[in-house]
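Structure first, commentary second.
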Amino acid sequence: ELPGFYYDSEKNRYFRLLPGHNNYNPLTKESIQYKAMECERLRLLEEEEKQKKKTTRAGLNSSILLQKRQLGLLSSASYCRLVHELKVNCMQRRKVEIHSPDSSVAGTNNFKIIVADAACERIFTVNDVEHGGCKYGIINLSGLGKESLTVEMYDNLYFTNRKVNSVCWASLTHPDSHLCLMGIAETPGCASLLPASLFSSTNPGDRPGMLCSFTISTAWSCAWCLNPQADNCFSTGLTRRVLVTNVVTGHRQTFGTSSDVLAQQFATQTPMLYNGCRSGEIFSIDVRQRNRKGQSWKAIRLFHDSAVTSIRLLEAEHYLMAADMAGKIKLWDLRTAKCVKQYKGHHNEYAVLPLHVNEEEGLLTAVGQDCYTRIWSLQDAQLLRTIPSPYPSSKDAIPSVVFSSRLGGSRGVPGLLMAVKQDLYHFSYN
């Protein structure tokens, strides 16, 4: 690397970087870096279209797996995990057609967030609106099993003025009956709990209203509690505090923290709330505690070197997965408070990006700030697949994804759903 020059690999020579001053200088390190990244993305897209992906493990194919399974050399759990690895490497991209009763809805606004319900039958979408704010909708995935790959999208046009930072499904009257939305109304933040039935094709006169809504300081994260000891509660991660609200009684508990809470998740076996902070700290709170001044709320404490952007508890709740703004993904053992695995390759510098853990399939999925979707093996942290985005990488084109072996319900199709810009793609198993 020579000061004041850059090397062009295509022309195999150095070129001088002109000083900026007042004239436009097209040659900057950033533009050269971006050009190289774009060339690599186009190369990977071309490779994916030409041929099927090969597995990352040498000698791994379906016939060898079946033989080992029949000979009793592989347990059923290991066999299922390795079959999913093979399927992930063979996924191919297909565009999904989005139909809507309101023809002005589909394909007009960029997707910002997509979040699937527990059964993966519906997906809640947040779309950016040109004049500012967001538009919300629900996509029904029942049409994914058909050859045409079409889905139905229902919009609610009453709530279009709020920017959304975080969203989660809530089970109040039945599983995934409501939605928690955290966002910015104007200057103050706003927390809302909306019935999912607002987003339907039924008569608008029959729709129930908003269950609860209140103004707060800027909200970063939210989580719904499924533990019966803290029934009908949802948590809001705010600037330097955590707010736990009971939506039936209206009772609120406030826990002071030393940093902004960017990620949250409730445990299901115990009434514990896990929080990831901008300071890099991860701590848990027992929500049964009474609010007393001067009391320390923190039980388990873990530390990252950078702001924690996403946390996910594994099923047995002995392990916690966490990602930070330095691009590190760590698996923590909560019993010993030690990091037991690291998943390498994720890219992040400043964005709040989610993790998607699929324990049944043995997979971890995350989208990086470079707009690549990466899939790892949960078992040994090996990077199995890197999927390039169909669009050039930019701040407003980071894909939002959902992965499941049952997209569309119990008899649904397996694969990955990717929402990027105005498009929805399905990466299906062969």
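The values are calculated or read from the model by the stated rules, or taken from the named source; none is laboratory data. The structure displayed is predicted, hence computed values, not measured ones. Heads up, the Cβs are rebuilt from the backbone with ideal geometry, glycines too, and the neighbour counts pull from every protein chain shown. Each accessible area value is taken on the protein alone, full model and side chains, heavy atoms only, with ligands, DNA and RNA left out. Shrake-Rupley method; radii C 1.70, N 1.55, O 1.52, S 1.80 Å.
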Computed for region 93-428: size of charge dipole around the Cα centre, +1 on C-beta of each Lys and Arg, -1 on C-beta of each Asp and Glu, debye to nearest 20, value 880
Give me the extension gain from residue 64 to residue 212: residue separation times 0.36 nm, minus the current Cα-Cα distance, reported in nm with one decimal.
47.7 nm
Using label points projected 7 Å from each Cα along Cα→Cβ, tell me how many nm separate residue 174 and residue 421, to one decimal.
3.9
For region 322-335, what does the Karplus curve 6.51 cos²θ - 1.76 cosθ + 1.60, with θ = phi - 60°, yield as ³J(HN,Hα) per residue in whole Hz, taken in order and with x for Gly and Pro?
9, 10, 10, 7, 8, x, 8, 10, 10, 9, 9, 8, 6, 6
Which one of 225, 134, 39 has the biggest mean-square fluctuation once the chain is modelled by GNM with Cα springs under 10 Å?
39
Could you order 305, 8, 380 by accessible surface area, starting with the largest, using a probe radius of 1.4 Å?
305, 380, 8
Gaussian network model of the chain, springs between alpha carbon atoms under 10 Å - residue of 303, 266, 234 with greatest fluctuation:
303
From the helices alone, meaning DSSP H stretches of at least four residues, give me the mean residue ellipticity at 222 nm for the chain, per-run term -39500 (n - 2.57), in deg cm²/dmol to the nearest 500.
-3500 deg cm²/dmol
Residues residue 12 and residue 316, FRET efficiency given R0 of 51 Å [Cβ-Cβ distance, rounded to 0.05]:
0.35
At most 13 other Cβ atoms within 10 Å and a DSSP loop assignment: could you name the trypsin sites (Lys or Arg not before Pro) in region 366-430 that fit?
411
Roughly how many percent of the accessible protein surface of region 325-430 is carbon and sulfur, given a 1.4 Å probe and a whole-percent answer?
46
How high is the FRET efficiency from residue 358 to residue 1, r the C-beta distance, R0 51 Å, rounded to 0.05?
0.75
Those lysines that a straight Cα-Cα span of less than 25 Å connects to residue 50, excepting residues fewer than 8 apart in one chain
35, 87, 95, 146, 421
Report the residue, chosen from 344, 146, 95, that carries the largest GNM mean-square fluctuation when the chain is represented by alpha-carbon nodes joined by springs under 10 Å.
146
Above 35 Å lies some portion of the pair distances; for the chain, what is it as a whole percent of all C-alpha pairs?
34
Over the C-alpha atoms of region 309-376, what are the Rg and the largest Cα-to-Cα span, Dmax, in Å?
11.5, 34
Using only the Cα atoms of region 344-421, construct the convex hull and provide its projected area averaged over every direction, in square nanometres to one decimal.
5.5
Under 5 Å between amide hydrogens, which residues at least 5 positions from residue 257 or on another chain qualify, with H placed 1.01 Å from N in the peptide plane?
241, 242
Please compute the length gained on full extension between residue 34 and residue 396, using 0.36 nm multiplied by the number of residues separating them and subtracting their Cα-Cα distance.
128.8 nm
Of the candidates 307, 181, 355, the farthest towards the positive dipole end of the chain (Lys/Arg Cβ +1, Asp/Glu Cβ -1, centred on the Cα centre) is 307
